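The values are calculated or read from the model by the stated rules, or taken from the named source; none is laboratory data. Source: prediction; values computed, not measured. Don't worry about glycine lacking a Cβ; one is built from the backbone with ideal geometry, like all the others, and counts go over all protein chains shown.
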Amino acid sequence: MESQGKVAVVTGGARGIGRATAEALSREGYTLALADRDLAAAQEAAAEMSAAGRTVMAVEADVADRAGVERMAQAILDSHGRIDVLVNNAGIAGRAAPLLEVKESEWDEMMAVDLKSIYLCCRAVLTGMIERGSGAIINVASIAGKEGNPNMIPYSTAKAGVIGFTKALAKEVAGQGIRVNAVAPAVIETGILRQLTPEQVEYMKTRVPLGRLGQPEEVAAVIAFLASEKASFVTGQCYDVSGGRATY
Ligand SMILES: NC(=O)c1ccc[n+]([C@@H]2O[C@H](COP(=O)([O-])OP(=O)(O)OC[C@H]3O[C@@H](n4cnc5c(N)ncnc54)[C@H](O)[C@@H]3O)[C@@H](O)[C@H]2O)c1
């Protein structure tokens, strides 16, 4: 397998899309690191995957914290010596509220967890990727970053930033053998939806032409493709996994 001996880190890998992505990448032969601020849940997921014969470690990290992200990368490098694939997946949806009710602290938290984290995690792995002349980074954006969801302005703004970051970094490192792409899921059936009101979830679902919630495995499959050599001529792109919600 092309991925034998290669190491992938998935942030927010304890559950939801991150967990499904870790499963998909480990089936491809990658050694996995599940990085999550919920260490107990990451350890539980890692134990389940290990029992299924996968090579996987759990690492505690708050992706919004520079020192924590640097410790996370160092722990993985100490154990495995390299990071070949970074999936920047950890994120929060925030509270559904009109702009005038959004507190400054909520805005700041969203920018830190859903956007600054991408900057921090990419910086923590890029040096090694540049030295090896290869690597793949996949950022989990959202359809909200392309279309804008009312009552989710901080989230929509942060995710639009993730898409811009992806396109710019892809061009910056294209000559160094590193590909950078994003995925834009629409509404996916994970625990993150509990942060929102049922009305907000229904609003998002009604905008999906395929007429249903997506499953984490359906996002994971696209991320695994973008990580693989099958996507060797793909960089700087944002792939929708949205049941057809956006048409561009
Ligand atoms: N579920 C959806 O409908 C949907 C749609 C579009 C985009 N997304 C994006 O997909 C990604 C994963 O979401 P999910 O639906 O699997 O959510 P989830 O809540 O099921 O899982 C998120 C994981 O990230 C971890 N996490 C949260 N903040 C963190 C932090 N600061 N540091 C480290 N770990 C942290 C959580 O502990 C959790 O394990 C997010 O970036 C989200 O914005 C989700």
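Condition test on Q200, is it at pLDDT below 95, in contact with a helix residue (DSSP H, G or I) (Cβ under 9 Å, 6 or more places away or on another chain) and either crowded, with 17+ Cβ neighbours inside 10 Å or within 30 Å of V125 (Cα to Cα) (or both)? It is true that Q200 is at pLDDT below 95, in contact with a helix residue (DSSP H, G or I) (Cβ under 9 Å, 6 or more places away or on another chain) and either crowded, with 17+ Cβ neighbours inside 10 Å or within 30 Å of V125 (Cα to Cα) (or both). Cβ-Cβ contacts under 6 Å between residues 6 or more apart (or on different chains), taken from a first residue in segment 1-19 that is of a type in the set (S, T, Y) to a second residue that is part of a loop (DSSP other than H, G, I, E, B), are listed as S3/E28; S3/G29; S3/Y30; T11/V63; T11/N89; T11/A90. Set side by side, the residues L115, L126 differ, and just one is modelled with pLDDT of 95 or more, in a helix (DSSP H, G or I) and within 15 Å of the ligand (Cβ to nearest atom), which is L115. Taking the listed residues A52, A96, A141, A136, the one that is near the ligand (Cβ under 10 Å from one of its atoms) and of a type outside the set (S, T, N, Q) is A141, with no other qualifying. Within segment 25-43, the residues that satisfy the criterion of being in a helix (DSSP H, G or I), surrounded by fewer than 24 Cβ atoms within 10 Å (Cβ to Cβ) and more than 7 Å from the ligand (Cβ to nearest atom) are S26, R27, L39, A40, Q43. Which condition breaks for R82 when tested against (1) touching a residue at least 12 places away in the same chain (Cβ under 8 Å); (2) within 15 Å of the ligand (Cβ to nearest atom); (3) not small (G, A, S)? It is condition (2) that R82 fails.
For segment 203-247, which residues satisfy the criterion of being touching a Pro at 6+ places or on another chain (Cβ under 6 Å) and surrounded by fewer than 18 Cβ atoms within 10 Å (Cβ to Cβ)? Listed by number, the list holds a single entry, G244.
Among the residues of segment 142-165, those identified as in contact with a Phe, Trp or Tyr (Cβ under 9 Å, 6 or more places away or on another chain) and not in a helix (DSSP H, G or I) are S142, N149, P150, N151. Comparison of I153, I130, I143, I118 shows that the only residue that is more than 18 Å from R66 (Cβ to Cβ) and in contact with a Ser or Thr (Cβ under 9 Å, 6 or more places away or on another chain) is I143. What residue, among those in segment 166-197 that are away from the ligand (no atom under 11 Å from the Cβ), of a type in the set (A, V, I, L, M, F, W, C) and not in a helix (DSSP H, G or I), is surrounded by the fewest Cβ atoms within 10 Å (Cβ to Cβ)? So, considering only residues that are away from the ligand (no atom under 11 Å from the Cβ), of a type in the set (A, V, I, L, M, F, W, C) and not in a helix (DSSP H, G or I), the one surrounded by the fewest Cβ atoms within 10 Å (Cβ to Cβ) is I178. M72 - would you say it is at pLDDT 95 or above and in contact with a Ser or Thr (Cβ under 9 Å, 6 or more places away or on another chain)? Criteria met by M72.
Of everything listed in (1) under 17 Å from the mean Cα position of the chain (by Cα); (2) within 14 Å of the ligand (Cβ to nearest atom), the single unmet condition for T235 is (2). Only one of the listed residues (V87, V69) is under 14 Å from the mean Cα position of the chain (by Cα) and not in a loop (DSSP other than H, G, I, E, B). That residue is V87.
Scoring L169 on the criteria (1) modelled with pLDDT under 95; (2) in contact with a helix residue (DSSP H, G or I) (Cβ under 8 Å, 6 or more places away or on another chain) leaves a single failure, condition (1).
Rundown of residues vs (1) of a type in the set (A, V, I, L, M, F, W, C); (2) over 14 Å from D38 (Cα atoms), yes/no style:
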residue	(1), (2)
A52	yes, yes
V56	yes, yes
E60	no, no
A64	yes, no
G68	no, no
M72	yes, no
I76	yes, yes
H80	no, yes
I83	yes, yes
